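S.K.: Just dropping this structure here.
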Amino acid sequence: DDAKPESSRDYETVGYVISGRAELHLEGQMVLLEPGDSWTVPKGASHTYRILEAFTAVEATHPPAQVHGRDES
């Protein structure tokens, strides 16, 4: 299994898939992400991603994640 351990963040994340496929595991549910799909991970939500094939996406966070290194963990 290539999924990372679940985590939660103190910011909201939104994303848009440009190419590739991935699974978003969010609060016990799985969402398949494919080109043209968008997603939201609410602040504090337990989640992880499993990349199924080469994956390119755009993500934004609110409030902004740290400038250097995104997260402390």
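The values are calculated or read from the model by the stated rules, or taken from the named source; none is laboratory data. As the structure is a computational prediction, the values presented were derived from the model and not from experiment. In this analysis, Cβ positions are derived from the backbone assuming ideal geometry, glycine residues included, and neighbour counts consider all displayed protein chains.
S.K.: Could you please find all residues in region 1-30 being outside any loop (DSSP other than H, G, I, E, B), free of Cβ contacts under 8 Å to residues at least 60 places away in the same chain and under 11 Å from the mean Cα position of the chain (by Cα)?
M.R.: The answer is Glu12, Thr13, Val14, Gly15, Tyr16, Val17, Ala22, Glu23, Leu24, His25, Leu26.
S.K.: Oh, and also: If a residue must be surrounded by 16 or more Cβ atoms within 10 Å (Cβ to Cβ), charged (D, E, K, R) and closer than 17 Å to Ala65 by Cβ, how many such residues does region 1-51 contain?
M.R.: Residues that pass the stated criteria total 1.
S.K.: Please list, ordered by first then second residue, the pairs with beta carbon atoms under 7 Å, 6 or more apart or interchain, first in region 55-73 and closer than 18 Å to Ser19 by Cβ, second of a type in the set (S, T, N, Q) and modelled with pLDDT of 85 or more.
M.R.: Thr56/Ser19; Glu59/Thr13
S.K.: Which of the residues that make up region 52-65 are touching a Gly at 6+ places or on another chain (Cβ under 7 Å) and either surrounded by 15 or more Cβ atoms within 10 Å (Cβ to Cβ) or of a type outside the set (S, T, N, Q) (or both)?
M.R.: Glu53, Ala54, Phe55, Ala57, Val58, Glu59
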